[in-house]
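All remarks here apply to the structure that follows.
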Amino acid sequence: MRTAYSVETVRAAERALMERLPEGALMLRAAAGLAAACAGLLGRVSGSRVVLLVGSGDNGGDALYAGARLARRGAGVTAVLLAPGRTHAAGLAALRRAGGRAVTADRGEAAIARARLVVDGIVGIGGKGGLRPDAARLAEAVARSGAAVVAVDLPSGVDADTGEVRGAALRADLTVTFGAYKPGLLVDPAREYAGAVRFVGIGIEPPPADAVLQALQHADVARLLPTPAAESDKYRRGVVGIAAGSARYPGAAVLAVSGALRGGAGAVRYVGPAGDAVLARFPETLVSDAGPAKAGRVQAWVTGPGAGDDAATVAEVLATDVPVLLDADGLRLADRDTVRGRTAPTLMTPHAGEAAALLGVRREEVEAARLAAVRELAAAYRATVLLKGSTTLVAGPDGGPVRVNPTGTPWLATAGSGDVLSGLAGSLLAAGLDPLDAGSVAAYLHGLAGRFAARDAPAGAHDVATRIPEAWRNVRG
């Protein structure tokens, strides 16, 4: 599992390690990893023009020492000093000994225009808000230059703890991060600025219990996937109920059922006005028109996709004592106090617009601060919340690490894709996974299926559903 830590936790781990090491040893470790990454990006180091954007913090020192290594290999290295009076002195001396040179910020744009590689060492992980004017001007020059950009630990101008970008920021092609992942590298909008992320271990060991963000990997998902035992039957494997669709939106029911049938539960019960459409596509579905309370044995419910204004069905599902997944119209129709008062778990799956409506803010505010929004919504409803989007996040109601999904693809931004995800996650709930795991595993498989479906062309929601078994097999290896 990939874990990310707050700036405070990372700094405490760094201090603890530095007390046991010779002075400057930790920075030299980071610089060695940074220089290796830069050399790999350049391919041919000798003769390449490299510009270091150097601020006053340790990131600037990392960049200077890495630049010295590149200069010793024949690169022409120029350090642009944004705070000449507070530049890391030992790093600057090392660069000059290796044949590099330094210029002030007013000469930076000319150097950048000739560079093949720019190393962003302006602001460290403690930076707040956007870049200051001098740095912002250089960032614009970098964007115009077409040079490859490597960020030191984190792109300058983004918030390490929240993933927010509150002003001008520098976009990197590669970010080399040291010792521990920072939330801003994994959560949009900051993640978009980081480019590819390369982790360099430097010996620090933040306590696992202090992680604020987790990203499941294949092995984690494989461990959580439900597997039937020899004595299993369809009821022991779990039965998921789907109360979705309407005369106007029968397709939502069909797509939710398509996801549920591929989610590990032993059977799918459908309740609603789209029974004929569901049976025509999936004859194995158990269809009832008696309402959720009389549908028969169910271990979890999914309600809301395509429900229109059917608040009565949503309320009936929420009155049950089994886990419930709320999506789409169900989010709008559900009473907040009812959700908060449930004794069984609830998993809510809004996109940014739906989350904004529930929180009473603008959509842009949710998209700009996704981590804060998912935590606030989970606390407000005392539910697990899966916030869909460019980075899908899953937060539990009692705090703890937020899960971030690493497998998404922009091709999943298509009508009906969320209905498939709801059915898949609901099936995992019925199979026995808790809401945090069910949401995280569903998002992971859904993202993989989206990648497989859209390898060579746009894909629809039905295409994504049909590739879920392939994603499942891929995870299992």
- prompt: Per the 1.4 Å probe, what fraction of the accessible area of segment 344-383, in percent, lies on carbon and sulfur atoms?
  reply: 52
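Counting only heavy atoms of protein chains, what accessible area per residue, in Å², does segment 70-111 have with a probe of 1.4 Å? Walk me through the numbers on the way to the answer.
Working: 2100 Å² over 42 residues.
Solvent-accessible surface per residue comes out at 50 Å².
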field: On Cα atoms only, tilt of 417-430 relative to the major axis of the chain in degrees
entry: 70
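Any chance you could run the full-extension gain for Ala379 through Arg132? It's 0.36 nm times the residue separation minus the Cα-Cα distance, nm to one decimal. Write out the running numbers ahead of the final one.
Details: separation 247, 0.36 × 247 = 88.92 nm, distance 3.51 nm.
Stretched out fully, the Ala379 to Arg132 stretch lengthens by 85.4 nm.
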Overall form of segment 10-112 per C-alpha gyration tensor (a/c, 1.5; a/b vs b/c): oblate
query: Ordering Glu205, Glu284 by how much accessible area each has at a 1.4 Å probe, largest first, what is the list?
result: Glu205, Glu284
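Out of every Cα pair in the chain, what percent are spaced more than 32 Å from each other? Could the numbers behind the result be given before it?
On the way: 51970 of 113526 pairs.
Above the 32 Å cut-off, the chain has 46 percent of its Cα pairs.
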- request: Straight distance only, please: which lysines reach the Cα of Lys388 with their own Cα at less than 22 Å, same-chain residues fewer than 8 apart left out?
  value: Lys182
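Can you put Trp301, Trp411 in order of accessible area, largest first, using a 1.4 Å probe? All intermediate terms of the calculation are to be shown ahead of the outcome.
Numbers: Trp301 5, Trp411 125 Å².
Final ranking, largest accessible area leading: Trp411, Trp301.
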Whole-angstrom gap from segment 50-78 to segment 322-339, using each part's C-alpha centre: 54
- line: Applying the gyration tensor rule to the Cα atoms of segment 228-343 (axes a ≥ b ≥ c; rounded if a/c under 1.5, else prolate if a/b exceeds b/c, else oblate), the class is oblate
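Applying a 10 Å radius around every beta-carbon, put 63-75, 426-438 in order of their mean neighbour count, most first.
On the way: 63-75: 24.5, 426-438: 26.6.
The peptides rank, most packed first, as 426-438, 63-75.
Per 0.36 nm of contour for each residue apart, how much would the distance between Arg107 and Arg336 grow if the chain were fully extended, relative to their Cα-Cα spacing? Provide the component values of the computation, followed by the final result.
On the way: separation 229, 0.36 × 229 = 82.44 nm, distance 5.79 nm.
Extra length from Arg107 to Arg336 when fully extended: 76.7 nm.
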0 to 90° range, to nearest 10: angle between helix 7-18 axis and the chain longest Cα axis: 50
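Starting with the highest mean, order 315-327, 259-271 by the number of other Cβ atoms within 10 Å, averaged over the residues of each peptide. Spell out each step's value before the answer.
Details: 315-327: 22.5, 259-271: 26.9.
Packing proxy ranking, top to bottom: 259-271, 315-327.
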Cα shape, segment 89-164, gyration tensor, a/c 1.5 rule: oblate
message: Straight-line reach only, C-alpha to C-alpha below 16 angstrom: list the aspartates and glutamates that Lys234 could link to, leaving out same-chain residues fewer than 8 apart.
response: Glu284
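Taking the radius of gyration and the Kirkwood hydrodynamic radius from Cα positions alone, what is the Rg/Rh ratio for segment 396-477, to two decimal places? Working shown, then result.
Values: Rg = 12.7 Å, Rh = 12.9 Å.
My calculation of the ratio gives 0.98.
Could you rank the peptides 144-151, 293-300 by their average count of other C-beta atoms within 10 Å per residue, with the highest value first?
Details: 144-151: 20.6, 293-300: 17.9.
Packing order, densest peptide first, comes out as 144-151, 293-300.
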message: If each residue of separation counts as 0.36 nm, what is the full-extension length gain between Arg97 and Asp276 once their alpha-carbon separation is subtracted?
response: 56.6 nm
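The values are calculated or read from the model by the stated rules, or taken from the named source; none is laboratory data. If you're wondering where the values come from, they're calculated on a predicted model, not measured in any experiment. In this analysis, Cβ positions are derived from the backbone assuming ideal geometry, glycine residues included, and neighbour counts consider all displayed protein chains. Accessible surface is based on the protein model in full, side chains and every heavy atom, while ligands, DNA and RNA are left aside. Shrake-Rupley method; radii C 1.70, N 1.55, O 1.52, S 1.80 Å.
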